[in-house]
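S.K.: What follows is a structure written as structure tokens; I'll ask about it next.
What follows is calculated from the coordinates using simple rules that are stated; it is not laboratory data. This structure is a prediction, so every number in the text was calculated from the model and none was measured. Backbone-built Cβ (ideal geometry, glycine too); neighbour counts: all protein chains shown.
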Amino acid sequence: MTAPLEVRALCRRFGEVEVLKQVDLKVEAGEIHALLGPNGAGKTTLLRILAGLCDPTEGEIFIQGARSGTIGYREWRKLFSMVPSGERTSYQRLSGYENLVFFGRLYGLSRVAAKRRSGECLEMVGLADAASRRVGLYSQGMQKRLAIARALLVDPPLLLIDEATQSLDPEGARLTRVLAKDAARRGAAVLWTTQRLDEIRGFADVVTILRRGEVRFRGTVAELSGTVITRTFLIQVGAVGEAGPAELLEGLADITVAGDGHYRLSLKDGASLGATLAALVEGGIEVVACREEISDVEEAFVRITGPS
Amino acid sequence: MIDAHRPAVVEEIAKLGAFFRRNLLIAVSYRMAFIADWFNLVLQLVIFSLVGRLVDPARIPEIGGRAISYVEFVTVGIALMSFVQIALSRVLSAIRQEQLIGTLDFLLTTPMAPTTLQIGLVVYDLFYVPIRTGVFLALASLFFDISLNPSGLLPALVIMLAFIPFVWGLGMISSAATLTFRRGTGVVGLITAAFTILSAAYIPLEALPGWARAFASVNPFTLALTSAREVLLGGAGWAPVGRAVSVFLPLAAVSVAIGVFSFRLAMRRERRLGTLGGY
């Protein structure tokens, strides 16, 4: 079956600067594909090229099997919808509802269908109560949700989402991820760029990491996590025995007080987390909780995108 | 969800309706600007009526064998040139505004023909400006002792309708320049002012210096003005319409063709450079 999005050997130069270098990417139907990368990695340029706002220097793009350049821009743009990264991408003097009706009609919906669908999408993103309010009076988060509602007006085979959760509160971000998941469940391929590494766990099916325009990693979130073994943890302890934690962990880990019953644990080479925790428990220390101090995804990201 | 059965042309025309509604709602939301526009128009008329007291009536050319006042002469000039100014500047400022408020990028990701975008940005003005001109002329004839020939209204409308595409073509060229150079308002303002001064809008041709008269005689704006005056003030009926239309139609074809071509060229250049939507 043809993948909704396939990018082959894509390059983009701005003068002497190579922003994208031989990028290959494939997003299958029903898949959420997270595109990660530090600032300047080329994520937004890639999305702008996919949306037809910028020409590639070299390479090929296929959406639903159609190669860019072989069909008109009008037909090309029927194959996807986009949530741009900017905060203000709607008309500030119009209500959220009127904005959606306008864009719905640009997507080819009849007036009746555009009105109906606009109401449904506003409901979906939790803006039904603010439907008749001018967008200029919306908060940044509400404007972002409106942009998401706009992308959902027509169920396209491909959704390009650029930093959708950037200015959203945790609940808004969660809702946005749920909406993207729903779209994927309906069969859409979702390309999701983000800087929020914490959100891809349990959400993205596939991750691509770009660094200076090059693909540095491609795989599942589990595969990404597997590229590092976390060595630093925060533990919360209850009762402490006669021996202090530092004495018990001699040779296993370095431990420092992090405050309020918490300790920072750095495993020494060769030591395992299980053995270290067992040493504490055997020494009469009650370990209430243990968690990674830096998420493994973040650690993997830093390792992949850090200076080589 | 998209109605695939509708022919592309019908779909694109329906989008123009959406643009019209959007621009109408935005215009209505700026109530003060709307009122100020009308106030400014009437104020111009008041100023020119006062200036008219200083002008020797003998220096105003007769139209259709009838002696006319300076206010009558200039009313048609104000009406037509304010129409030209709006038609020219709105195309340009519409693109610029979309760039500045950040909506141009998104508009360009929607499935829309470039021509739909170009017409869509000004479709509201294509309706509003002729209505504004008509209402202005009606108010002027009511309150400023200007005797407009009612039988000239329809021929004047035809002249304007033939003239609109020509001006719109110029507007498209200026919008292409805005896409490319970002700021073009000053240049367009200058060109509009030059065309206005050198077209007998406010000053009779006979009062212009020789070089200016030579330019004015080949300026299409002059033909629009003299034809409109002949039908509205001179009672010339349909006679000037044929001449005006026969000149404006080929000019419009050329200006629209250059406009469409230059706009597409500008879009292609922006996509190649990757600067589309930037300001």
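S.K.: What's the extension gain from residue A:232 to residue A:256 if we count 0.36 nm per residue and subtract their Cα-Cα distance?
M.R.: 7.5 nm
S.K.: Which of the helices in chain B, when you take each full DSSP H run, stretch at least 24 Å along the axis at their Cα atoms and have an average Kyte-Doolittle score of 1.0 or higher? Mind dumping the intermediate values first?
M.R.: Working: long enough: B:8-29 (32 Å, 0.96); B:31-52 (32 Å, 1.53); B:70-101 (43 Å, 1.12); B:114-143 (44 Å, 1.32); B:153-181 (40 Å, 1.94); B:239-273 (51 Å, 0.83).
For chain B, where a helix must reach 24 Å along its axis and average at least 1.0, the hits are B:31-52, B:70-101, B:114-143, B:153-181.
S.K.: Based on DSSP, what percent of beta bridges with both residues in the stretch A:5-225 are antiparallel, to the nearest 5?
M.R.: 50
S.K.: Now, a different point. Report the one residue of B:94, A:166, B:43 whose Cα lies farthest in the direction of the positive end of the charge dipole of the protein assembly as shown (charges on C-beta: Lys and Arg +1, Asp and Glu -1; origin at the Cα centre).
M.R.: Looking along the dipole axis, the top candidate is B:43.
S.K.: Rg to Rh for the protein assembly as shown: what is it, with Cα atoms only and Rh by Kirkwood?
M.R.: On the way: Rg = 32.4 Å, Rh = 28.1 Å.
With Rg and the Kirkwood Rh in hand, the quotient comes to 1.15.
S.K.: Work through the residues other than residue A:84 whose Cβ is under 15 Å from its Cβ and net out their charges, Lys, Arg +1 and Asp, Glu -1.
M.R.: My count for the surroundings of residue A:84 gives +2.
S.K.: Then there is this: Relative to the longest principal Cα axis of chain A, at what angle does helix A:273-282 sit, 0 to 90 degrees, rounded to 10?
M.R.: The angle comes out near 40 degrees.
S.K.: Report, in debye and to the nearest 20, how large the dipole of the stretch A:5-225 comes out about its Cα centre when Lys and Arg carry +1 and Asp and Glu carry -1 on their Cβ.
M.R.: 600
S.K.: If contacts are Cα pairs under 8 angstrom and at least 6 residues apart, what is the relative contact order of the stretch A:1-113 in percent?
M.R.: Computed value for the stretch A:1-113: 25 percent relative contact order.
S.K.: Then there's this: If you count, for every residue in A:105-115, the Cβ atoms of partner chains within 10 Å of its Cβ, what is the mean? Please report the intermediate quantities before stating the final value.
M.R.: Details: counts 10, 15, 7, 13, 6, 5, 4, 0, 3, 2, 0.
Neighbouring Cβ atoms belonging to other protein chains average 6 per residue here.
S.K.: Largest first, please: the extent of the C-alpha atoms of the stretch A:1-139 along each principal axis, to the nearest Å.
M.R.: Largest to smallest, the principal-axis extents are 46, 34, 26 Å.
S.K.: Could the peptides A:276-287, A:73-84, B:153-164 be put in order, highest first, of the mean number of other beta-carbon atoms found within 10 Å of their residues?
M.R.: Sorting A:276-287, A:73-84, B:153-164 by mean packing, highest first, produces A:73-84, B:153-164, A:276-287.
S.K.: Loop sites only, by DSSP: take the trypsin sites (Lys or Arg not before Pro) in chain B that have at most 16 other C-beta atoms within 10 Å and name the longest stretch containing none of them.
M.R.: Numbers: sites that count: B:53, B:182, B:183.
Maximal segment without exposed cleavage sites: B:54-181.
S.K.: Then there's this: Angle between the Cα long axis of helix A:96-106 and the longest principal axis of chain A, 0 to 90 degrees, nearest 10?
M.R.: In chain A, helix A:96-106 runs at an angle near 60 degrees to the longest axis.
S.K.: Cα-based Rg of chain B per 2.2 N^0.38 Å, rounded to two decimals?
M.R.: Expressed relative to 2.2 N^0.38 Å, the Cα Rg reads 1.08.
S.K.: A further question on this structure: Let me check I have the definition right: for the stretch B:36-120, take the eigenvalues of the Cα gyration tensor, multiply each by 5, take square roots. What are those semi-axes in whole Å, largest first?
M.R.: On the way: eigenvalues 347, 44, 11 Å².
In descending order, the three semi-axes are 42, 15, 7 Å.
S.K.: List, in the order given, every pair from A:26/A:115; A:115/A:181; A:78/A:144; A:21/A:268 whose Cα-Cα distance in the structure shown is over 29 Å.
M.R.: Table pairs above 29 Å Cα-Cα are A:26/A:115; A:21/A:268.
S.K.: Compute, for the stretch A:232-305, the length of the dipole vector about the Cα centre, with Cβ point charges of +1 (Lys, Arg) and -1 (Asp, Glu) only. Units Debye, rounded to 20.
M.R.: Result for the stretch A:232-305 is approximately 120 debye, rounded to the nearest 20.
S.K.: When the label point is put 7 Å from the Cα of residue A:302 along its Cα-to-beta-carbon vector, which residues of the stretch A:192-214 have a backbone N closer than 19 Å?
M.R.: A:195-201, A:209-212
S.K.: Same structure again: Under a 10 Å cutoff between Cα atoms, tell me which one of A:121, A:290, A:11 has the largest fluctuation in the Gaussian network model of chain A.
M.R.: For chain A, modelled as a Gaussian network with Cα springs under 10 Å, the answer is A:290.
S.K.: Next question. How large is the helix-only mean residue ellipticity at 222 nm for chain B, computed as the sum of -39500 (n - 2.57) over DSSP H runs with n ≥ 4, divided by its residue count, in deg cm²/dmol to the nearest 500?
M.R.: -26000 deg cm²/dmol
S.K.: What Kirkwood hydrodynamic radius, in Å, does chain A give when the mean of 1/r is taken over all pairs of distinct Cα atoms and then inverted?
M.R.: Evaluated over chain A, this radius sits at 21.8 Å.
S.K.: Still on this structure, please answer the following. Run lengths n ≥ 4 of DSSP H only: what is the helix-derived mean residue ellipticity at 222 nm for chain A, with -39500 (n - 2.57) per run over all residues, to the nearest 500?
M.R.: -9000 deg cm²/dmol
S.K.: Okay, moving on. Can you give the average number of partner chain beta-carbon atoms within 10 Å of each beta-carbon in peptide A:74-81, as a whole number?
M.R.: 4
S.K.: In peptide B:97-107, how many Cβ atoms from other protein chains are near each Cβ within 10 Å, on average?
M.R.: Mean shielding by partner chains, rounded to a whole number: 5.
S.K.: Count the net charge of all other residues whose Cβ sits under 14 Å from the Cβ of residue A:302, scoring Lys and Arg as +1 and Asp and Glu as -1.
M.R.: -2
S.K.: Run a plain Debye calculation on the stretch A:242-308 (Cα atoms as equal point scatterers, no solvent) and give log10 I(q)/I(0) at q = 0.22 Å⁻¹, rounded to two decimals, same order as the q list.
M.R.: For the stretch A:242-308, the Cα-only Debye profile gives -0.98.
S.K.: Between beta-carbons, use under 12 Å as the cut-off and find the net charge around residue B:262, counting Lys and Arg +1, Asp and Glu -1.
M.R.: Here the count lands on +3.
S.K.: How much of the DSSP bridge set in the stretch A:106-260 is antiparallel, in percent, rounded to the nearest 5?
M.R.: In the stretch A:106-260, approximately 50 percent of DSSP beta bridges are antiparallel ones.
S.K.: Just to be sure I understand: with springs between alpha-carbon atoms less than 10 Å apart, which residue in B:123, B:76, B:218 has the highest mean-square fluctuation in the Gaussian network model of chain B?
M.R.: In the Gaussian network model the winner is B:218.
S.K.: Out of all DSSP beta bridges with both ends in the protein assembly as shown, state the antiparallel percent to the nearest 5.
M.R.: Percentage antiparallel, nearest 5: 65.
S.K.: Can you list the residues, at least 5 places off or on another chain, whose amide H is less than 5 Å from the amide H of residue A:216, using H built in the peptide plane?
M.R.: When sequence neighbours closer than 5 places are left aside, the close amide H contacts are A:209, A:210, A:211.
S.K.: Looking at chain A as a GNM with Cα springs under 10 Å, which of A:16, A:292, A:60 has the largest mean-square fluctuation?
M.R.: A:16
S.K.: Could you tell me what a quarter of the Cα convex hull surface of the stretch B:75-187 works out to, in nm² with one decimal place?
M.R.: 8.1
S.K.: Only four residue types carry charge here, +1 at the Cβ of Lys and Arg and -1 at the Cβ of Asp and Glu. Report the dipole size of the protein assembly as shown about the Cα centre in Debye, rounded to the nearest 20. List each step's numbers first, then the result.
M.R.: On the way: 60 positive and 53 negative charges, 501 e Å.
Dipole of the protein assembly as shown, to the nearest 20 debye: 2400 debye.
S.K.: Over the Cα atoms of the stretch B:1-85, what radius of gyration and what Dmax do you get, in Å?
M.R.: Over the stretch B:1-85's Cα set, Rg and Dmax evaluate to 21.6, 68 Å.
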